[in-house]
Amino acid sequence: MYNRINKNCKVEEWINALTLEEKISLCTGKNSWQTQNIDRLGIPSVTVSDGTNGVRFQKGSKSEKKLSFAEAIKGSFDNEEAIASTYPATCFPTGSAVACSWNKELMKKIGGSIAGECRVLGIDVILGPGINTRRHPLTARNYEYYSEDPCLAGDMAAAMINGIQREGIGTSIKHFACHNSDSYRTRVDVNVNERALREIYLACFERAIKKSDPTTVMSAYNKVNGEEASGNSRLVRDILKKEWGYQGTVMCDWGAIKDVAAATKGGIDLQMPHCEGSKKQLFKDINEGKVTLEELDERVRRVLQLVEWCMEHKKEAGEINFEHHHELAVEAAAESAVLLKNEGNILPISKDKVKRIAVIGRLAKEPVYQGSGCAVVNPVKVDIPFECIKEECGTADDQQIEVCYAEGYDKNGNTGRTLLESAEKAAVNADIVLLFVGNSMPKESDDYNRKTICIEEGHQKLMEAISAVNAALVVVAASGEVIEMPWENKTKAILEMWFGGEGMGKACADILFGRSNPSGRLSATMPVKLSDTPGYLGFTGRKFDIDYSEGIYVGYRYYDKKELEPLYPFGYGLSYTEFRYNYMKLSKNIISNPEDLDHEKLTVTVEIENTGERDGMETVQLYIAEENPSMPRPVRELKGFEKVFIKAKEKQLVTFELEMRDFAYYHDGANMFVVDADRFEIEIGASSREIRLTEKVEILETNCPDIPLRPDCGFTELFENPAHIEAFDQFLVENGLLRREEADDAAHERMLNSFWAIGSYLDMNSQGEISWDMLKEFLANLNKSEGCRKS
Ligand code: BGC
């Protein structure tokens, strides 16, 4: 965590010395990428830049030149042009890819490298990571985001932020919140219930923010339950700033603010980019009393705190060792790749047995290794899979394995007779075929939702043709999100490389030939088909309103509850070695009060053994399942994970610590996270569908506060507490509705069996003797007594 309050704090001094105009100017950028500097007070600009898997720093970002309207609208949406206009930087695997590494240490290292590149380019804050929940695979921008699960997304983001910030560069966790649709993304209104918001969509942010304290949070373009996220006082002011105690700066996404006064009131501190109109509007709003000077100062204070943080943490620029960063990009790509299938251990390729390899598919020579849009990086060096595979097969003088290549499809992904024939020819006599498939660019961009999660039709036709002539078919896929694989049974092996960044080609060859042992695990469920996905019915249809009708059942939570078989489950991935989960131990099996867990955590220790012949990494996953929840809950939920490297034939202990929140669900009535008094199963798994060890723990008390009874409650709630039955009898007797002896078990039984709200029941049956007001007074007294209902 980074302490924001420093001893030489100048912020208040600056605030006192600033004029109104200067304060207003600090509330928006001075250009696209910098905040306003006030030289007379020694307040420098803060320079910000994208992106989420490497630095996208546009040339001329620090220019003071104001563009005319005609110049401004000339901006290009062409990916190649966009890349060329940015400085070279290391392109790491995208968020959805790197999350499959499940490796927090790796994230810190990547963060450190990104920070180093920022320092040299003169960037103070990098606009990442992006961590929205991957609710639905048609969201093209999901390639930037980590996971369908808040624990995985939150912990990986925290590690990335810590890695960046400890090197003196600020971060911006984005897009807060519920940014899950690219089409109409500045207009859509997300309709999400409170539990889903708290347990899924906010939970990833909450977890990351608490574990890393990012210098800034970027709000989203969309609305949440009718209110703009960029100016949502409930989300930003009440939850983020007050409830979570976030002290950093909240900036809006680029051009997201539609009403400056509302955004100010809603807790947005910094509006980006430069916006002259907004400044004028803010001035007007202040003059008209729509925005108070205190509200303005609050914005300015948080912007200045960011300026001060950057000044305080600035380090020497140093030099970039791009070679080292590239090696890290290769390591990251290898750890992110998920080996989904490996029939008959066809992989790794054995140089003793394989003498001829056919590499098929244009993507082997022109890989798609990142998405497009504002996260696009201009890579320093891109490894080409085909070249790296060839290198593995020997030099020109000493070629141990013959490698042939066929293009298979054109640059738009289409195939045809000639392409198919030459691909078949290459495949037919090969000992193994490596077929590269995916999508041609730019199918996964941040501008619109996708229409399908299938690979290109031409790639599928090619696969059909190749599998008919050679069964030793290994598919290497590149995609930013999960894909449909109706062709799965035509293959012997499937290696999903995702958008693995500039080192993807080398990483791919390393895995194919066994130089790297695959260790990636799915960060999202791979569905059999699109229509199986949880958000399917609510995703398209109404253009601007999106109902999150699946509620808390996002990702594996849905598949598990519905008992629906995914193609490959969340957390799944193969290795070239095998791990045995020997035993697990809990530090205690009974916890009297859940709050105790925040003082003394529950420790879970697991012994893992690498029983295979190769060294390798295993991701140990901890899930919690409640036995008899008082509210509907997912079958199990991920609450911790650790990735460990274990040498062949060696063992290692893995430890987890659980706290109260890990057992809790969000209680709408109590407006807080609540733990039931119940038994919970602690499950240790190799995936969400492969639980290897379990132990039980019992929590004896709930932390749920008493929930007041209301006149529209039923008898079930009223009679939950025996003392209330007695009080209700008394109430009826006092008001002459029953004689004491008539208030017996049978009467209670009849009441309990009625479906009426108590108020209506009395209204209909008391002949006017008991009014609603009398009932309200009676309940108000009961609510003051001990032991009201808990659920
Ligand atoms: C994107 C942000 C990005 C910003 C600056 C916006 O359109 O949504 O993620 O940081 O532009 O490029």
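Going through region 407-452 one residue at a time, which ones are β-branched (Val, Ile, Thr) and modelled with pLDDT of 95 or more?
Scanning region 407-452 gives 415, 418, 428, 432, 433, 437.
Looking at region 546-557, can you tell me whether even one residue there is assigned to a loop (DSSP other than H, G, I, E, B), touching a residue at least 60 places away in the same chain (Cβ under 8 Å) and of a type in the set (Gly, Ala, Ser)?
Within region 546-557, one or more residues are assigned to a loop (DSSP other than H, G, I, E, B), touching a residue at least 60 places away in the same chain (Cβ under 8 Å) and of a type in the set (Gly, Ala, Ser).
For region 117-150, give me each residue that is touching a Lys or Arg at 6+ places or on another chain (Cβ under 8 Å), of a type in the set (Asp, Glu) and within 15 Å of the ligand (Cβ to nearest atom).
Correct list: 124 only.
Could you pull out the residue among 514, 520, 500 that is closer than 20 Å to residue 575 by Cβ, modelled with pLDDT of 95 or more and touching a Gly at 6+ places or on another chain (Cβ under 6 Å)? Break it down stepwise before answering.
Numbers: 514 fails: touching a Gly at 6+ places or on another chain (Cβ under 6 Å); 500 fails: touching a Gly at 6+ places or on another chain (Cβ under 6 Å).
The unique qualifying residue is 520.
Assess whether residue 410 counts as being surrounded by 21 or more Cβ atoms within 10 Å (Cβ to Cβ), outside any helix (DSSP H, G or I) and either of a type outside the set (A, V, I, L, M, F, W, C) or within 16 Å of the ligand (Cβ to nearest atom) (or both).
no
Between a residue in region 131-144 that is within 12 Å of residue 448 (Cα to Cα) and any residue that is among the acidic types (Asp, Glu) and within 12 Å of the ligand (Cβ to nearest atom), which pairs come within a Cβ distance under 8 Å, given they are 6 or more apart or on different chains?
Qualifying pairs under 8 Å: 139/182; 140/182; 140/446; 140/447; 141/182; 141/446.
Taking interchain pairs and intrachain pairs at least six residues apart, which have beta carbon atoms under 6 angstrom, with the first residue in region 39-68 and among the charged types (D, E, K, R) and the second modelled with pLDDT under 90?
Pairs that qualify, where the first residue is among the charged types (D, E, K, R) and the partner is modelled with pLDDT under 90, are 50/374; 59/85.
For region 201-282, which strands (runs of 3 or more DSSP E) that fit wholly inside it have 2 or more residues that are under 22 Å from the mean Cα position of the chain (by Cα)?
Numbers: elements: 216-219, 249-251, 271-274.
Those strands (runs of 3 or more DSSP E) span 216-219, 249-251.
Name the residue, out of 438, 480, 500, that is closer than 30 Å to residue 616 by Cα and within 16 Å of the ligand (Cβ to nearest atom).
480
Take the residues in region 516-545 that are touching a residue at least 40 places away in the same chain (Cβ under 8 Å) and in a helix (DSSP H, G or I); name whichever of them is surrounded by the fewest Cβ atoms within 10 Å (Cβ to Cβ).
Applying the filter and picking the extreme gives 536.
In region 168-199, what residues are under 19 Å from residue 226 (Cβ atoms) and touching a Gly at 6+ places or on another chain (Cβ under 9 Å)?
Answer for region 168-199, where residues must be under 19 Å from residue 226 (Cβ atoms) and touching a Gly at 6+ places or on another chain (Cβ under 9 Å): 175, 179, 180, 186, 189, 191, 192, 193, 195, 196.
What's the number of the condition residue 114 fails, among (1) within 16 Å of the ligand (Cβ to nearest atom); (2) over 20 Å from residue 324 (Cβ atoms); (3) in a helix (DSSP H, G or I)?
(2)
Take the residues of region 244-260 that are in contact with an Asp or Glu (Cβ under 9 Å, 6 or more places away or on another chain) and surrounded by fewer than 18 Cβ atoms within 10 Å (Cβ to Cβ): which is farthest from residue 25 (Cα to Cα)?
Looking at the filtered set, the residue picked out is 244.
The values are calculated or read from the model by the stated rules, or taken from the named source; none is laboratory data. Here the structure is a predicted model, which is why all the values come from computation and not from measurement. Cβ: placed from backbone, ideal geometry, glycine included. Neighbour counts: every protein chain shown.
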